[in-house]
1. Quick one: if the Förster radius is 25 Å, what FRET efficiency do I47 and D18 give, using the C-beta to C-beta distance and rounding to 0.05?
2. Provide the convex hull volume over Cα atoms per residue for region 1-144, in Å³.
3. When averaged across all projection directions, what area in nm² does the alpha-carbon convex hull of region 72-190 cover?
4. Taking only protein heavy atoms into account and a 1.4 Å probe, give the accessible area per residue of the chain in Å².
5. Give me, ordered by chain and number, the residues 5 or more places off F34 or on other chains with an amide H under 5 Å from its own placed amide H.
6. So for region 24-68, considering every pair of alpha-carbon atoms, how many percent are separated by more than 17 Å?
7. Once the Cα gyration tensor of region 152-210 is diagonalised, what are the square roots of 5 times its eigenvalues, in whole Å and ordered largest first, as equivalent ellipsoid semi-axes?
8. What does the highest-first list of 75-85, 40-50 look like by mean Cβ count within 10 Å?
Amino acid sequence: MDQPRTVFLMYHELELPDRPLCQSEPGYVRYIVFAQDFLAQMERLRIANWRGVSVTSALAFQDTQSVAITFDDGCESDLLTAAPILRKLHFGATFYVTADFLGRRGYMSPAQLRELSNLGFEIGCHSMTHSYLSDLDDGGLNREIGDAKLQLEQITGKPIAHFSCPGGRYNRRVVEIVREAGYRSMATSRAYANSPSTDPFALGRIPVMRGATLNSFEDLFRGDALWKISMQNAVRNGAKRLLGNSFYDRVRSFVLHRNKPR
């Protein structure tokens, strides 16, 4: 008998008219979804009789027509834009927050993070400073993973049970320290749906990219297009291993700037 499979969708900032984004780099902007597109995507889920849930709910694998809705970074649009849309549709979500980003322009303040948590949304951790974890020693990993967890727990007054890796970069030592810090799961950027047999410390997540059509979005949440994304990711991951994180990012930034619409 086939196991139930659940797609975890990954969002970042939502763009509103006349509101500057947190960052303007092409590599960042390509992951930014317009607010009206996010609303249309969530409504497509509802029309299809699917629903959005938190990571904790998704890992129970009790609803075969649900997707985990996750956000990275802790942008202010999480509270101002995403939360009202999700609440209107009675959807859950998990917001992975980068602790040191709190209070910066465009990101939530600690008070706003508490408000988001008090609305009933699950808060996860997206590290302390958004560093690539695979580049760090144990001291750096403990700060990015363990100290960030404690800081977010002090702000929200609730346990932080789920972690997501910045840039999807991790290795075996990262997994060990995430476990030791007391998390229940770790999300990666690998393109596959999760099932009860999936290692909870290697969860797959699928990014929703800027400009995605509603039909392509439906292919994502139903898991119909994951093979193509997985192949693309395999090529990128090979380049990261060959070039190293820093040089890969410089090459990627150069290519994206050259191809940026004028």
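The values are calculated or read from the model by the stated rules, or taken from the named source; none is laboratory data. Here the structure is a predicted model, which means the values were calculated and not measured. Positions of Cβ are backbone-derived with ideal geometry, glycine not excepted, and every protein chain shown enters the neighbour counts. Just so you know, the surface numbers come from the protein's heavy atoms only, side chains and all, with ligands and any DNA or RNA stripped out. Shrake-Rupley method; radii C 1.70, N 1.55, O 1.52, S 1.80 Å.
1. The computed FRET efficiency comes out at 0.25.
2. 141 Å³
3. 7.0 nm²
4. Computed with neighbouring chains in place, this is 48 Å² per residue.
5. E15, G211
6. Percent of Cα pairs beyond 17 Å in region 24-68: 49.
7. Value: 20, 15, 12 Å, ordered largest first.
8. Going from most to least packed, we get 75-85, 40-50.
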